[in-house]
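Chemist: My questions all concern the structure below.
The values are calculated or read from the model by the stated rules, or taken from the named source; none is laboratory data. Fair warning: this is a prediction, and the values are worked out from it, not measured in the lab. Here Cβ is always computed from backbone atoms with ideal geometry, including for glycine, and neighbour counts include all displayed protein chains.
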Amino acid sequence: MGFLETHLLTAIVFLPLLGAFICLAFPRSEDSGVRGFALMVTLIDLGLAIWLWSRFSPNVAGMQLGERVDWIPSLGISYAMGIDGVAMILVLLTAFLAPIVVLSTYSSVEERAREFMVCLLFLQTGMLGAFVATDLFLFYTFYEIMLVPMYFLIGIWGGRRRIYAALKFFLYTMGGSLLMLVAIIYTVWAVKDQGGLTFDWAVVTQRLANANLGSTEIWLFLAFAVAFAIKVPMFPFHTWLPDAHVEAPTGASVILAGVLLKIGTFGFVRYALWMFPKAAVAFLPTIGVLAVIGIIYGALVAMVQSDLKRLVAYSSVSHLGFVMLGLVSMSVTGVAGSVLQMVNHGISSGALFLLVGVIYERRHTRALDDFGGLAKVMPRYAFLFVLLALSSAGLPGLNGFVGEFMIVMGSFGAMGPTMDVSNGELARIGISVAGAVGLAAVVLMVMKVAGLRSGMSLWQRVGAVVMVVLAALLVVAPPIGGFGGGLLVRPLVGLTSDNGDFREIFALLTVFAGTGVIFAAVYLLIAVQRVFFGPIRHAENEGLQDLSFREQTVLWPLAIVAILMGLFPQPFIDMVNPTVDAYARQFRARANLPAIAMSDTAVQQPLTPAQRDELNQRRRLPAPRAHGNDPNLRVRKGSQE
Amino acid sequence: MLTPKDLESLIALIPILPLVGAIINGMWGHRLPQRLVTIVACGSVLASFVLSAIVVGHLAQSAEGTRYVSTLYTWMASGNLNVDISFVVDRLSAVMILVITGIGFLIHVYSTGYMSHEPAYARYFAYLNLFCFAMLCLVLGSSLPLLFLGWEGVGLCSYLLIGFWYTDIEKAQAGKKAFVVNRIGDFGVLIAMALLLRTTGSLDFETLRTAAAGGLITTTVATAAALLLFLGATGKSAQLPLYVWLPDAMAGPTPVSALIHAATMVTAGVYLVARTGFIYSLAPIAMLTVAVVGAATALFAATIGTAQYDIKKVLAYSTVSQLGFMFIAAGVGAYAIALFHVITHAFFKACLFLGSGSVIHGMSGEQDMRQMGGLARKMPITFATFFIATLAITGFPLLSGFASKDLILWNAFISSEGHYASTFHGVGFWLWLMGAIAAGFTAFYMWRLVFMTFFSGPIRASHEVAHHVHESPKSMTFPLIVLATLSVIGGALCWPAVLGGHEWLAESWLLPITGHLPTPEGHHEKLEWTLMACSTGIAFLGFAIAFALYARRIHPMLNRLVSEAPFRDLFVLVNNKWHIDELYDTLVVKPLGWVSRIVFYEGMDRRVIDGLVNLVGWFGRSIGFVGQLFQSGNVQRYLAIFALALALLLYGWLSPSAPQAEQPAAETPTSIQAR
């Protein structure tokens, strides 16, 4: 037991791989045996993860439960693993989803079940390894390894256009990660004069803080950022996702949405942003703008999908926009909310993909028009679908709300960067690039509107033009003449100046992001209505079976976790808080951001009546800025001016 | 006498009991006998009511500023965000929980009769109990996030209950519309919370109040926060421009309309404004906005009510209009008066809705008033209670509606010389006038409804329906009688001073929370009497016109008028609700869908972005295609390429310039030139 205890991370990561090899030994005909075995392996892995959780001390900010063995000593590469709060919660998510996915494939995968399980278990090792690796080379190895089984899962068990989708997924992600490989090697080499070659994440990060790489750091950051932005996926790198989801088998979709995308957001926290704060700070506004475009754009596109699975896929783009916004806000609340939202999205979207799979198996279609009135014949299914759709839409009391709420609260209060002009220019260029994509959209819009499509009344056209103008104001206007030039932006908040002052940008972005909650309700309720309500219009739907016992076993754990994390999120927040706090503070310190997010300074606890009286008394004192020294209620200068 | 500790543990039970009821009926209700479902559903709300009464009873005997706080656990805490699950009973929430659980219980009882033949009986009561839970969370929550939990929770229950008969696609759509429109308002509340958290570092009501009193919230921030919160209120409380969901919400079962869409949920916006009154007091511009929107809604919705034929639609527009009255009061700073109208409105409007439900029940589901008529004799109890509630809503002297409406109009009128005179300068009279005219319309459409339904000759429905008309069972008439009684005596809660009352609710019970609204100097009694006479006169005029046109039968003059050009067009326009739905549809819904589909999805996503991606792919493949020429598997071709390459190499090796090429690059140009 002692050995296992000290090598728990290794055990968790490589148990699925061991399982995969044993699966290969099963005879081809033993489908149920291999499924049972895979289920057992993933359940044991979950057990180990829970054990890990029990040994994890949430009050420690740094890496813990680490392991280290030299791997390629001549290059400074070691087999190093460790876990912090962010990795811990994602390991739990991964381990939790695995048995659910295995169980869900009992009916959805009929051919080559053995190979499917091998891929799934192999993938599991890759994902878990990527979360716990603390050596850059080891991380990259796991990061790349994941692509292979996912490629096969989509390419072999996928739908009609599976080859296209699998290739697109593979090449797109591969392209990004090659950039990252170059950046990793360059970084390690660039800082090796500070005591020899090493790929150790903590050491390299520390060295980077001392090193002065100048503008090279910006390129290094961009290489990491683009690799992860593709993985997340952030607008405009997202188009591989809907294709991959639509073609992937249910189980692969769940893993893809539930865990794989989180490696992108996790990569932003752990690598791109944490390692290169000095360079990253110039791009925070850009990433923020792209995140918000992703939120609104993803939701609007989801709204008009006729394929249920594609709808859920686009909703991921929207939700991960929220995650990215929180991450770059660099406020403790916002980042903690983002990490929580990664898990929430894994639960809700994972569950929605499973639910889509359920009717796909029954009807072999996912078109919304082929359904309607299912609530009558499948009441249990309808209940779970509505519950998890609401959790995805961020209904308070369910998990989705907690993350979104924390992100909105945190990023609205966060102070953005004030950069010297060169950095400000860079950021402006970044925003302009984002704007150029937006401009293309607007040009297209104007062309389409002006194209006088038949069937549009005059007023509808007027409405469309109004939308175009609004979108132009939102997306395009800001880059013209610097960020502060936006027609809507400037008078609305009067925040940004032309000399790189982005202090208030997150407040502004949050307001736009907030509209995402409206659109989320729209597309999810449209889906719910078209699938479940109204009369049954197709005779094939009349005899549909409600959820089987096995399907309920698959779905109920997700539903229960959605409710628990909605009502009692604090244990999970506590798990990530110290890590996130260190991350945000270190970033701000190294990037010369205002010391702390605006919101982090103010009251920590509701006041007691005695304190309140005291406070009131103090307020009446004529002393100027008396509250400036007040430990309970303190406001940054900025908000008063 | 219970200790505060005991009370605090009881407080948590007030919302939790209905939640337990909802879970039991929701999970296992379809297997339980109907009787047991009834007991669980009504019992949990009744227990909640009794607990509320006990707690409020103790509160009444305690010192003025007493608050019972029951903190259960930390919901979320990270950075500066710190939200507890914590319930507070103070004098404001005390009023609300009594209304919610009291009227909630009556409507549960009514529902046992109204829904007795419904196959999804348990599901209905699960939703209804869940609603009570969410509504109680809304008013008991000690902080804005917890209020928001209830706020969205009631929205969800509203969605589920409007679309209760989901096989009818129109009903499902009405539910969706309600949820989405409410979400627009919720967006405002969300951003307001972010703004307040950023400014004060807390979302707890008491801390916010302290911060506001301490000058931490500047006028700018207060105005922004107040307007954002009011956006939420216009959604939930169906004010202009977001009122459009409420009339459609009548698709739900009638008791739901009474409980959610008349008595409780829709007043949540008023509660929110009253609860955060300390922010509004810092932002007179926001107050003016509230009052003007309220007055405009009151008048606008009342006009639509005059031309509807669906009995529930009339009541729905009436509700929108009455909510407008509440916002007039809230806007001029008379929060207690707004709450007084919340209470009286809950009594008479719940009575009216339940009465209409009783009529619909008797008419075998018919809602069109043109099919009704002469029901007074066939449904005596329904008629009597409906009649009393109509007297109350139209402001018949001495009834509850009279008292609350009069106080609202009076406060609106004197706002131009009161505490916020500089902002409301010259506005007070117009607020009053709009309110008074709206009251006139109210009288007209309510009496029109009564005459068309209960009088005006024999029933106009088919023989089969007519034969079946009956008085409703006791479970339905009992709540009607209770509510009608309350509609009569409810005014005593805050009887106007000018009529010899003490305005107890405003001047003593809610005083510690809403504060005293300083009235302008001087004697206004004569003015107050005059205004009262005027508004009552206008209301009587509305009655008189309705009497003339509808009392005995639908007046032939009306038919003639309706068929003549200018009046007919106006009538059709009003009957079509001024075409606001179509306007929104054309200006927002359709273009948004079109832009999303054609421009964003098909254009941007499929063509531009994916086009670029595929272009990169195509580029790669093109290179591959060229490379492919060298990979044909044809040995002769390989040999040919091999020979060609060898020849090139040899040429490079043997040619005289080759050694020179190895010279340093900088010299190459000169050497070439030299040659």
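Quick grid of which residues meet (1) more than 7 Å from every other protein chain (Cβ to nearest Cβ); (2) in contact (Cβ under 8 Å) with a residue 40 or more places away in the chain; (3) surrounded by fewer than 15 Cβ atoms within 10 Å (Cβ to Cβ):
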| site | (1), (2), (3) |
| --- | --- |
| B:577 | yes, yes, no |
| B:580 | yes, yes, no |
| B:585 | yes, no, no |
| B:590 | no, no, no |
| B:598 | no, no, no |
| B:601 | no, no, no |
| B:604 | no, no, no |
| B:608 | no, no, no |
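Chemist: In the stretch A:169-187, is there at least one residue being buried (at least 19 other Cβ atoms within 10 Å of the Cβ) and more than 30 Å from residue A:276 (Cβ to Cβ)?
Modeler: So far as the stretch A:169-187 goes, no, none of its residues is buried (at least 19 other Cβ atoms within 10 Å of the Cβ) and more than 30 Å from residue A:276 (Cβ to Cβ).
Chemist: Which is touching a Ser or Thr at 6+ places or on another chain (Cβ under 9 Å), modelled with pLDDT of 90 or more and either more than 19 Å from residue A:101 (Cβ to Cβ) or not in a helix (DSSP H, G or I) (or both), of A:255, A:296? Break it down stepwise before answering.
Modeler: On the way: A:255 fails: either more than 19 Å from residue A:101 (Cβ to Cβ) or not in a helix (DSSP H, G or I) (or both).
Residue meeting the stated conditions: A:296.
Chemist: Going residue by residue through the stretch A:385-406, is there one that turns out to be within 17 Å of residue A:530 (Cα to Cα) and surrounded by fewer than 24 Cβ atoms within 10 Å (Cβ to Cβ)?
Modeler: Looking for residues that are within 17 Å of residue A:530 (Cα to Cα) and surrounded by fewer than 24 Cβ atoms within 10 Å (Cβ to Cβ), one finds at least one in the stretch A:385-406, hence yes.
Chemist: Another question, if that's okay. Does the stretch B:415-433 hold any residues that are farther than 14 Å from residue B:284 by Cα and crowded, with 24+ Cβ neighbours inside 10 Å, and which are they?
Modeler: Selection gives B:431, B:432.
Chemist: Can you tell me which condition residue B:183 does not meet? The list is (1) under 22 Å from residue B:284 (Cβ atoms); (2) within 10 Å of chain A (Cβ to nearest Cβ), and all the others hold.
Modeler: (1)
Chemist: For the stretch A:1-74, please list each of the helices (runs of 4 or more DSSP H) lying entirely inside it that holds at least 3 residues being closer than 27 Å to residue A:274 by Cβ. Spell out how you get there, then give the answer.
Modeler: Values: elements: A:2-6, A:8-25, A:31-55.
Result: A:8-25, A:31-55.
Chemist: Next up: Give me the helices (runs of 4 or more DSSP H) completely within the stretch A:78-158, filtered to those with at least 3 residues that are modelled with pLDDT under 95 and within 25 Å of residue A:555 (Cα to Cα), ordered by residue number.
Modeler: Values: elements: A:85-108, A:113-132, A:136-145, A:147-157.
Correct list: A:85-108, A:113-132, A:147-157.
Chemist: Go over the candidates B:381, B:311 one by one and state the one that is in contact (Cβ under 8 Å) with a residue 24 or more places away in the chain, surrounded by fewer than 24 Cβ atoms within 10 Å (Cβ to Cβ) and not hydroxyl-bearing (Ser, Thr, Tyr). Can you show your working first?
Modeler: Working: B:311 fails: surrounded by fewer than 24 Cβ atoms within 10 Å (Cβ to Cβ).
On inspection, the qualifying residue turns out to be B:381.
Chemist: So how many residues does the stretch A:288-346 have that are under 22 Å from residue A:385 (Cβ atoms), β-branched (Val, Ile, Thr), over 11 Å from the mean Cα position of the chain (by Cα) and away from chain B (no Cβ under 11 Å)?
Modeler: 1
Chemist: Listed residues A:239, A:216, A:205; which is touching a Lys or Arg at 6+ places or on another chain (Cβ under 9 Å) and of a type in the set (S, T, N, Q)?
Modeler: Working: A:216 fails: touching a Lys or Arg at 6+ places or on another chain (Cβ under 9 Å); A:205 fails: touching a Lys or Arg at 6+ places or on another chain (Cβ under 9 Å).
The match here is A:239.
Chemist: Please specify each residue of the stretch B:157-173 satisfying the condition of being under 20 Å from residue B:268 (Cα atoms) and surrounded by fewer than 23 Cβ atoms within 10 Å (Cβ to Cβ). Working first, answer last.
Modeler: First, the residues of the stretch B:157-173 that are under 20 Å from residue B:268 (Cα atoms): B:157-162.
Selection gives B:160 alone.
Chemist: Filter the helices (runs of 4 or more DSSP H) completely within the stretch A:500-590 down to those with at least 3 residues that are within 14 Å of chain B (Cβ to nearest Cβ), within 30 Å of residue A:210 (Cα to Cα) and at pLDDT 90 or above. Before you say what the answer is, go through the steps one by one.
Modeler: Values: elements: A:505-532, A:549-567, A:570-590.
Per the criteria, A:570-590.
Chemist: Which of the numbered conditions does residue A:198 fail, given that it passes all the others? Conditions: (1) buried (at least 20 other Cβ atoms within 10 Å of the Cβ); (2) part of a helix (DSSP H, G or I); (3) of a type in the set (Ser, Thr, Tyr).
Modeler: (2)
Chemist: Collect the residues in the stretch B:196-205 that are assigned to a helix (DSSP H, G or I) and facing another protein chain (nearest Cβ under 7 Å), keeping them in residue-number order.
Modeler: B:197, B:198, B:199, B:200
Chemist: Continuing with this model, one more query. Take the residues in the stretch B:78-95 that are within 14 Å of chain A (Cβ to nearest Cβ) and not in a strand (DSSP E or B), then tell me which one is surrounded by the most Cβ atoms within 10 Å (Cβ to Cβ).
Modeler: B:79
Chemist: Would you check which residues across the stretch B:12-21 are buried (at least 24 other Cβ atoms within 10 Å of the Cβ) and in contact with a Phe, Trp or Tyr (Cβ under 6 Å, 6 or more places away or on another chain) and list them?
Modeler: Result: B:15, B:18.
Chemist: Only one of B:286, B:336, B:295 is at pLDDT 95 or above and assigned to a helix (DSSP H, G or I). Can you tell me which? Let's see the steps before the verdict.
Modeler: On the way: B:286 fails: at pLDDT 95 or above; B:336 fails: at pLDDT 95 or above.
Testing whether each residue is at pLDDT 95 or above and assigned to a helix (DSSP H, G or I) leaves just B:295.
Chemist: Within the set of pairs 6+ apart or on separate chains, which have a first residue in the stretch A:27-40 that is free of Cβ contacts under 8 Å to residues at least 60 places away in the same chain, a second that is in a helix (DSSP H, G or I) and small (Gly, Ala, Ser), and C-beta atoms under 9 Å apart?
Modeler: Taking only residues 6 or more apart or on different chains, the pairs are A:27/A:33; A:32/A:113; A:40/A:19.
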